[in-house]
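Participant: Have a look at this one.
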Amino acid sequence: MDIRNDGLYFGDVSAEDLIKEFESPLYVYEEDTIRARARELKNAITYDNKEIKFACKANTNIEIMKVLKEEGMGIDAVSPGEIFAALKAGFEKDHILFTTNNVLWDEIEYAVSNDIMANLDSLSQLKMFGREFPGRDICIRINPNVGAGHHNHVITGGPDSKFGINYTRVDDIKEITRKSGLRIKGIHQHIGSGILDPEIFIKAMGVLLDTAKNFEGLSFIDFGGGIGVPYQENEERMDIRVLGKRIADEFENFCGRYGRELKLVIEPGRYLVAESGFLLGTVASVKEGEKHRFIGINTGFNHLVRPAMYGSYHQILHAGKPYGARESQVIAGNLCESGDTFTRDEEGIVDRDLPHFKEGDIVCICNAGAYGYSMASYYNSRPRPAEVLVKGSRARLIRRRETFEDIFKSSLGIM
Ligand code: LLP
């Protein structure tokens with residue numbers, strides 16, 4: 001995104017022109033940013049036999065998934081819906097991993113019937129899987145007892161986490177797989193999301209590698225995702241080349257000890273798409289309240305839930321007058337809850353210095369490409385926005401704006 005005096009540009013297209021053509025609110029993605037992040041990451045990991053699997057829970061727009069496929073990525077899917085999207089986007093089955101958590105048998109069967117490897121995360125599921133599908137290739141998810149992340153909700157390793165089989169349970173895993181003939185081809189972990197400290201990633205990696213040496217037949221080790229991106233204007237970016245080299249070196253050393261070269265897998269979501277995406281909304285009303293100047297826009301936590309759910313900070317720009325004189329304002333959504341503000345932390349609303357907004361102005365919420373649309377809902381019965389992918393001077397509709405019929409089609413006509 002380019003901030004020019006007369007407004008914001010995505011590729012060569014202005015925010016104003018996008019709203020004129022596709023209406024408001026609108027999700028906009030820049031293709032070049034997605035490709036740049038994918039290439040950066042590929043180059044940073046200086047180990048050849050590797051696969052980057054896009055954790056598509058971050059964004060399941062099929063056209064965006066296709067871009068990542070073109071960049072050589074595979075897919076980490078956590079539901080049959082995500083497997084469906086991956087297959088529609090053209091990913092090959094052996095580049096999709098189904099990472100399960102508390103899934104009923106129908107979901108496992110969906111994956112197996114589509115020839116997609118299951119990544120099992122409890123001893124009970126491992127036993128059931130072994131009974132139904134003896135002799136199959138599987139991956140197992142380990143909890144390395146190390147966790148990290150930008151918020152408690154997204155820390156997925158450690159004693160409070162519901163994910164994975166504790167790394168101390170190697171004997172149980174071996175016993176179950178020996179009896180059923182299951183073949184452990186992969187070993188996996190994902191410790192959390194939004195990690196900006198390479199050391200914690202490397203520490204967890206050490207635990208997984210230590211665990212991996214107990215399994216002779218591996219072909220890959222998957223260290224999960226979690227690589228953070230800066231959300232605050234002055235936040236430091238993690239040096240991805242430093243992390244990539246550390247990961248590669250640790251892995252190469254391990255393969256030496258293991259006696260065989262294995263495939264290195266990581267599965268980032270946020271890193272690949274967060275910074276490519278923006279949510280544009282339009283100022284509907286301005287209210288000079290007792291304590292705050294409320295800028296009310298035509299979208300809310302139904303379309304981007306991260307501020308309301310985690311108190312997450314998202315940079316906000318005036319899409320028409322980015323350098324205008326600033327004043328203290330609160331950007332509020334249009335839902336019927338006080339928590340529906342985009343300038344907030346976990347405790348509540350926070351005023352932010354932003355260029356003066358008036359009715360009709362376009363507000364741009366940045367870093368919305370990951371966990372934006374994919375976490376959107378129909379709350380207050382508002383349809384979800386359209387999504388547009390920009391490359392150069394071309395803006396392409398990649399998901400149409402939904403209608404009331406889309407919201408209600410599953411209940412109309414069944415009574
Ligand atoms: N692999 C597994 C098994 C995961 O559960 C996740 C994310 C990832 C990979 C990708 O993590 P990433 O690279 O995107 O950090 N809704 C939250 C994030 C939840 C992440 C859940 N798991 C947010 O908006 O911050």
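Participant: Keeping all protein chains in place, calculate the accessible area per residue for the chain (probe 1.4 angstrom), answer in Å².
Facilitator: The answer is 43 Å² per residue.
Participant: Quick test of the membrane-span-like rule: which DSSP H helices of the chain reach at least 18 Å along their long axis (C-alpha atoms) with mean Kyte hydropathy at least 0.0?
Facilitator: 198-212
Participant: If you roll a 1.4 angstrom probe over the protein chains with everything in place, what fraction of the accessible area of the chain belongs to carbon and sulfur, to the nearest %?
Facilitator: Exposed carbon and sulfur together represent 48 percent of the surface.
Participant: Can I ask one more? On full extension of the chain, what length is gained from Val286 through Arg241, given 0.36 nm per residue of separation minus the C-alpha to C-alpha distance?
Facilitator: Residue separation times 0.36 nm, minus the Cα-Cα distance, leaves 11.7 nm.
Participant: More than 21 Å apart: what percent of Cα pairs in the range 230-295 qualify?
Facilitator: 58
Participant: Given labels modelled 7 Å from the Cα in the Cβ direction, how far is it in nm from Asn114 to Asp6?
Facilitator: Going by the 7 Å Cα→Cβ label model, 4.6 nm.
Participant: What spacing in nm lies between the two simple spin-label points modelled at Lys162 and Thr403, each 7 Å away from Cα in the Cβ direction?
Facilitator: 3.7
Participant: While we're on this one: So, by mean Cβ neighbours within 10 angstrom, what's the order for 215-221, 130-136, 318-324 with the highest one leading?
Facilitator: 318-324, 215-221, 130-136
Participant: A 20 angstrom limit on the alpha carbon distance is what I want to check against. Which of Lys185/Lys263; Lys93/Lys213; Lys50/Lys245; Lys20/Lys358 exceed it?
Facilitator: Result: Lys93/Lys213 exceed 20 Å.
Participant: Oh, and also: Of the options Ile221, Gly259, Leu97, report the single residue whose Cα projects farthest towards the positive end of the charge dipole of the range 31-271 (beta-carbon charges: Lys, Arg +1; Asp, Glu -1).
Facilitator: Gly259
Participant: From largest to smallest, what semi-axes in whole angstrom does the chain give when each is the square root of 5 times an eigenvalue of its alpha carbon gyration tensor?
Facilitator: 40, 23, 20
Participant: Under the Karplus relation 6.51 cos²θ - 1.76 cosθ + 1.60, θ = phi - 60°, what is the ordered set of whole-Hz ³J(HN,Hα) values for the range 361-366, x standing for Gly and Pro?
Facilitator: Coupling constants for the range 361-366: 5, 9, 9, 10, 9, 8 Hz.
Participant: Distances over 22 Å make up what percent of all Cα-Cα pairs in the range 31-271?
Facilitator: 51
Participant: Using 0.36 nm per residue of separation minus the Cα-Cα distance, give me the extension gain between Asn102 and Tyr379 in nm, one decimal.
Facilitator: 97.2 nm
Participant: Moving to a separate point now. Rank Asp48, Asp340, Asp76 by mean-square fluctuation in a GNM of the chain with C-alpha springs under 10 angstrom and give only the top-ranked residue.
Facilitator: Evaluated over the chain, the most mobile residue of the options is Asp48.
Participant: Given the Cα-Cα distance of Lys174 and Asp345 and 0.36 nm per residue of separation, how much length would full extension add, in nm?
Facilitator: That works out to 57.0 nm of additional length.
Participant: Could you let me know the centre-to-centre spacing of the range 108-171 and the range 389-415, using Cα atoms, in angstrom?
Facilitator: 34
Participant: Based on DSSP, what percent of beta bridges with both residues in the chain are antiparallel, to the nearest 5?
Facilitator: 50
Participant: From the square roots a ≥ b ≥ c of the eigenvalues of the alpha-carbon gyration tensor of the range 124-185, which class results: rounded (a/c under 1.5), prolate (a/b over b/c), or oblate?
Facilitator: prolate
The values are calculated or read from the model by the stated rules, or taken from the named source; none is laboratory data. None of the values given here were measured: they were computed from a predicted structure. Neighbour counts are summed over all protein chains in view; Cβ atoms, including those assigned to glycine, are modelled from backbone coordinates with ideal geometry. When the accessible area is computed, the model is the full protein with side chains, heavy atoms only, and any ligands, DNA or RNA have been set aside. Shrake-Rupley method; radii C 1.70, N 1.55, O 1.52, S 1.80 Å.
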